[in-house]
Every structure is written in structure tokens, then in C-alpha cells.
Amino acid sequence: MQRRAFIRALLIGGGAALWTSCTSGAPPLITATASSTRPATPTRQATPASRLRRSPTPHPSPSPTVDVSAGVRAARRWFPVGQVIGTLPINRRIGGQPVGEGLVAEVEGRERVVAVTLNGEWTANVPRPAPSSADLPSEQLEQAQRELAAQGYGIDLRLEVAPSGEPVGVPETGGTLRRDPWGNLHELPVPADARPLVRWMGRDWVGGYARGDEWTPDLPTFIEGNEPQFAGTIMFTADDCHNPEETREFLTIVEEMGIPITLYPVTPNLWLYPDIWPEVLQAGHEIGYHTTLHSHGDWSQAYLEEDFTATEQVIHEVTGNMAYHIRTVRPPFGLYDYGGWQPWVESKGLTTAMWDRSVGWDAWERTILSYLEEYHSLILLAHPDPDDLAWLEQCRGFLEGLKGEYTYKTVSEALLSGSRPVPVEGIPAGWVG
Ligand SMILES: [Zn+2]
């Protein structure tokens with residue numbers, strides 16, 4: 001895959017995303033999304049440290065040589081600047097202009113780089129419409145660009161208006177951008193004969209590629225687990241999670257086995273047993289969406305929309321991780337072609353994850369091996385209940401033995417594994433870790 005360019009800088013974890021201008025003459029936009037990954041309560045540290053790449057000192061310290069008051073004044077014209085967190089040395093040319101320092105402050109609960117020094121003078125770090133957008137509906141573009149910035153995309157994304165009239169973003173990169181459930185951005189390759197394009201999908205800007213007017217999301221919206229892209233991968237999933245003790249026991253066993261899993265709990269079990277879920281994310285497992293009601297396919301798109309949003313909020317509340325994005329979804333009973341399920345999934349740019357072998361039904365050593373022999377990958381389904389726990393203990397050696405030939409991944413990890421981490425440049429080493 002050929003890369004025309006690459007994203008010039010991104011700082012995740014300690015927490016900022018740092019982007020550079022692609023439009024000549026436009027000022028830099030540098031976004032910092034650090035505190036969106038910060039737990040809501042100090043006692044909870046829900047996101048795995050390895051994913052957040054937190055350094056021991058996650059925040060920049062105020063530099064004694066830099067007077068930030070002018071930066072704060074400049075920034076206050078644009079942002080409700082709260083607590084000043086510190087300065088971030090940048091020291092590189094952005095959009096053709098020398099940028100020295102960034103001023104990091106809290107804005108409405110998030111950390112942002114609110115000002116930068118250009119030629120030694122503080123200026124507010126705000127996006128401006130690209131000069132070429134003069135003949136485009138500028139208000140719409142500005143709104144889109146603000147949303148992109150809030151999502152962690154910067155002005156390395158050129159905004160255009162699609163034939164439909166909606167704003168779309170064209171990344172100035174070789175690929176498109178996707179968030180993993182933990183909020184980290186990944187760059188995904190684009191077919192050689194297509195161009196990268198992101199579209200607003202009702203919840204997030206979703207990466208994809210375009211040939212002419214036709215746009216395809218970069219990740220599939222439906223998988224069974226036996227697709228060629230997953231060769232060599234086993235995705236172990238656990239649904240419903242009705243009993244907290246049995247769910248804990250299940251997690252203990254898979255963690256002893258060193259297997260990350262994807263859990264699809266029904267939403268009430270998220271708020272009924274809130275103490276389980278922070279540890280689930282800490283251990284590197286994924287939480288997906290499996291609805292509140294677990295009914296038989298009678299869901300409308302409106303129900304799913306409301307229920308999904310509420311579920312994501314519950315995950316934020318119980319884990320303290322406000323950056324967590326549900327990436328994969330599983331319909332109760334696998335009824336993806338009932339109600340409004342799949343059209344809704346597609347409208348959101350999510351992925352329906354089905355399964356290939358189900359514990360208590362058709363998951364035995366022999367059937368798993370024969371399936372793997374044919375398809376070379378598998379989504380395995382279990383439920384944390386006494387029967388499946390007994391199965392897990394019994395099959396433990398067998399499942400561990402598969403690690404020689406296969407890699408266990410969460411569903412999102414498997415989906416994103418064709419991607420590369422976004423290159424990090426110009427960020428102080430101690431900050432990213
Ligand atoms: Zn279920």
C-alpha cells in the first residue's frame with residue numbers, strides 16, 4: 001500500500017492529538033484529547049496503561065521560561081479556558097510556520113492545546129476554514145471542522161462538500177482513520193485505486209474510501225469471523241454476563257490463559273454489577289453492545305439508537321473511561337436481519353460480530369479444529385454460566401494449545417489489525433512513553 005504522505009504527528013495517551021495544517025496559510029490546529037481518556041473519578045483508572053501509553057508524569061509541566069499569560073489571554077477569546085495544565089514543546093514547522101510551544105489547558109472538561117507560539121508570539125489554536133472553502137457553505141464546513149477537531153481529527157483533513165451536499169473530510173494521509181474502543185486512532189490503508197474519505201455517521205467520523213461518488217467504510221459492517229482477513233486469529237466472545245460471580249470466574253480463567261476476549265453483556269448487567277467493568281477494560285478486554293432488552297428482533301432503528309447511546313453512557317459511568325467507544329455490536333440470538341438492526345449498524349459505521357462455534361452447541365475440540373482447518377479463523381461464543389465455565393476448564397489446555405498457531409484477539413483488535421499506529425512525531429519522549 002502506497003502512502004502519499006502520513007499524518008505528521010499525533011500524541012495520544014498522555015493525551016493530545018497533534019495535527020498539522022495542510023492548507024497553506026492556515027494556522028495550526030492542535031487538538032489535545034487527553035482528559036477525554038481521564039477517568040471521571042480519581043479512584044478509577046479504567047483504560048489499560050499500555051494502550052494509553054501513559055508516562056509516569058502524564059502532563060506537561062509549566063515551563064519557567066515561558067510566560068503563558070499572553071497565551072491564556074489569546075485563548076480566552078475562543079475557549080472557556082479553565083485550569084492551565086502546562087506547556088508542551090513543539091519546536092517544528094506547522095503549515096509552513098515555526099511553532100515553538102503549545103499551551104495546554106482544560107476546556108469544558110477536556111484538555112486542549114488552546115494556544116501556540118508562532119514566531120515567538122502566542123496565538124489561539126483555533127481552526128479556520130481553508131482558503132479554498134470560500135465558495136463552499138462555510139458555516140457547514142466550520143461546523144464540520146469543529147466536530148472533526150473535537151473527535152481528534154485535525155486539519156490534516158481537508159474538508160470538501162460531497163455531491164449530496166454533506167461535508168466530508170479528505171485525509172491528507174495514505175489511509176483513513178479509525179478509533180479503537182479505547183479512543184486511540186489507527187490509520188488504515190486505502191485501496192490503490194481509491195481515495196480516503198471520512199463521513200459523519202451519526203456518531204463519529206468514520207474512515208472509508210471513495211471511488212467516484214461511491215463510498216465504502218474501511219471496516220466491514222458485518223463479520224462472521226471466517227473472512228480471509230482474519231486468518232490466524234481466534235476471537236473469543238462472551239455474551240449476556242447475567243451472573244457477576246460467574247462472569248468474574250470466566251474472566252479469571254481467560255486472564256490466566258492470557259486471552260483477551262470481547263464481552264457482549266446486556267446493558268442492565270453493566271449497571272447492576274458496576275464493579276466488574278473497570279477491570280474488564282483494564283485487562284484489555286473489549287465491551288460491545290448487546291441491547292438492554294435482549295428481545296427477539298423487534299427493535300426499531302430508533303430504539304437501537306437510543307439504547308446504544310444509553311449503553312455507551314453506562315460504560316462511561318461504570319468504567320470511568322469517557323473515551324471508550326463501542327466498536328462492535330452483536331444482536332441478541334444473532335438476529336441481525338430482523339427489525340432495523342443491520343441498516344442501523346451500517347448507518348453508524350459499526351460492525352456486527354456474529355460467531356462460528358458456540359459453546360454448548362457446536363464447540364468441541366473436533367469441531368473447532370475442523371472449522372479452523374477450513375477457514376483459518378474463528379469467532380467462538382460462550383456465556384459465563386456454570387455449563388460454559390465447566391467447558392472452559394475442560395477445554396483450557398486445548399484452547400491454550402491453539403496459541404501456537406493462532407493469535408487470540410478482541411474483535412476490534414482483529415478488525416484493526418491491518419492498520420498501523422499513527423506515527424508520532426515531535427512529541428517529547430517522556431510524554432508518550
Ligand atoms: Zn445474548
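The values are calculated or read from the model by the stated rules, or taken from the named source; none is laboratory data. Remember, it's a predicted structure, so these values are computed and weren't measured experimentally. Cβ atoms come from the backbone with ideal geometry, glycine included; neighbour counts cover every protein chain shown.
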- Message: Would you confirm whether or not region 313-325 contains a residue that is modelled with pLDDT of 90 or more and within 16 Å of the ligand (Cβ to nearest atom)?
- Response: no
- Message: Based on this model, can you work out whether PHE250 counts as within 16 Å of the ligand (Cβ to nearest atom) and surrounded by fewer than 23 Cβ atoms within 10 Å (Cβ to Cβ)?
- Response: yes
- Would you confirm whether any residue within region 266-287 is closer than 23 Å to GLY207 by Cα and within 16 Å of the chain's Cα centre (by Cα)? yes
- Query: Which is outside the structural domain of TYR209 (by TED's automatic domain parsing), within 16 Å of the ligand (Cβ to nearest atom) and within 30 Å of PRO191 (Cβ to Cβ), of TYR336, TYR371, TYR375?
  - Reply: TYR336
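Residue-by-condition table, conditions (1) part of a loop (DSSP other than H, G, I, E, B); (2) not assigned by TED's automatic domain parsing to the domain that holds GLN313:
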| residue | (1), (2) |
| --- | --- |
| PRO181 | yes, yes |
| ALA210 | no, yes |
| ILE234 | no, no |
| GLU245 | no, no |
| LEU251 | no, no |
| VAL254 | no, no |
| ILE259 | yes, no |
| LEU263 | no, no |
| PRO268 | no, no |
- Just give me the residues in region 227-246 being touching a strand residue (DSSP E or B) at 6+ places or on another chain (Cβ under 8 Å) and within 13 Å of the ligand (Cβ to nearest atom), in sequence order. THR237, ALA238, ASP239, ASP240, CYS241
- Residue list for region 279-296, restricted to those being more than 13 Å from the ligand (Cβ to nearest atom) and crowded, with 21+ Cβ neighbours inside 10 Å: VAL280, LEU281, HIS285, GLU286, ILE287
- With respect to GLU255, determine if the residue is in contact with a helix residue (DSSP H, G or I) (Cβ under 9 Å, 6 or more places away or on another chain) and more than 16 Å from the ligand (Cβ to nearest atom). no
- Subset tally (residues that are surrounded by fewer than 15 Cβ atoms within 10 Å (Cβ to Cβ) and in contact with a His (Cβ under 7 Å, 6 or more places away or on another chain)) for region 259-278: 0
- Restricting the first residue to region 382-406 and requiring it to be touching a residue at least 24 places away in the same chain (Cβ under 8 Å) and over 19 Å from TYR371 (Cβ atoms), which pairs with a second residue that is within 16 Å of the ligand (Cβ to nearest atom) and among the small types (Gly, Ala, Ser) meet a Cβ separation below 7 Å and a spacing of at least six or different chains? HIS383/ALA238; PRO384/ALA238; ASP387/GLY360
- Query: Within region 315-324, can you find the residues that are touching a helix residue (DSSP H, G or I) at 6+ places or on another chain (Cβ under 9 Å) and surrounded by fewer than 19 Cβ atoms within 10 Å (Cβ to Cβ)?
  - Reply: GLU317
- Query: Name the strands (runs of 3 or more DSSP E) wholly within region 94-174 that hold at least 1 residues that are at pLDDT 70 or above and under 17 Å from PRO80 (Cα atoms)?
  - Reply: 97-107, 110-118, 121-124
- Those residues of region 291-341 which are touching a strand residue (DSSP E or B) at 6+ places or on another chain (Cβ under 9 Å), in a loop (DSSP other than H, G, I, E, B) and farther than 20 Å from LEU219 by Cβ, in sequence order: THR291, HIS294, GLY320, MET322
